[in-house]
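The values are calculated or read from the model by the stated rules, or taken from the named source; none is laboratory data. On a predicted model such as this, the values are computed, not experimentally measured, just so you know. Methodologically, a virtual Cβ is constructed for each residue, glycine included, from the backbone with ideal geometry; neighbour enumeration extends over all protein chains shown.
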């Protein structure tokens, strides 16, 4: 087998600082606190679903908001005609409904 010809790698003008940031639709983070038992329950449920705990928590929160919006819309037929601040108040009231 003939020997390989060694060539030096070209110097490319690329560095981590020069790369654009990764595309991500999620630009905000939220910190949540759980008890040991709550965290164990979340981790167990996430593992059963084959997800990361953060993904499961995000799904739970977004589902809760969607359910609240549906409940608010059922209670207030004129919800979409209200001002944004009034809509927010009605949605938060529906979200905190016991």
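Numerical summary
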{"item": "Residue match in region 36-50 (condition: in a loop (DSSP other than H, G, I, E, B) and over 14 Å from the mean Cα position of the chain (by Cα))", "result": "yes"}
{"item": "Breaking point among (1) surrounded by 10 or more Cβ atoms within 10 Å (Cβ to Cβ); (2) farther than 28 Å from residue 34 by Cα, for residue 84", "result": "(1)"}
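A quick yes/no check of all residues on (1) part of a helix (DSSP H, G or I); (2) at pLDDT 70 or above; (3) out of contact with any helix residue (DSSP H, G or I) (no Cβ under 9 Å at 6 or more places or on another chain); (4) surrounded by 13 or more Cβ atoms within 10 Å (Cβ to Cβ):
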position: 1; (1), (2), (3), (4): no, no, yes, no
position: 16; (1), (2), (3), (4): no, no, yes, no
position: 19; (1), (2), (3), (4): no, no, yes, no
position: 25; (1), (2), (3), (4): no, yes, yes, no
position: 62; (1), (2), (3), (4): yes, yes, yes, no
position: 91; (1), (2), (3), (4): yes, yes, no, yes
position: 94; (1), (2), (3), (4): yes, yes, no, yes
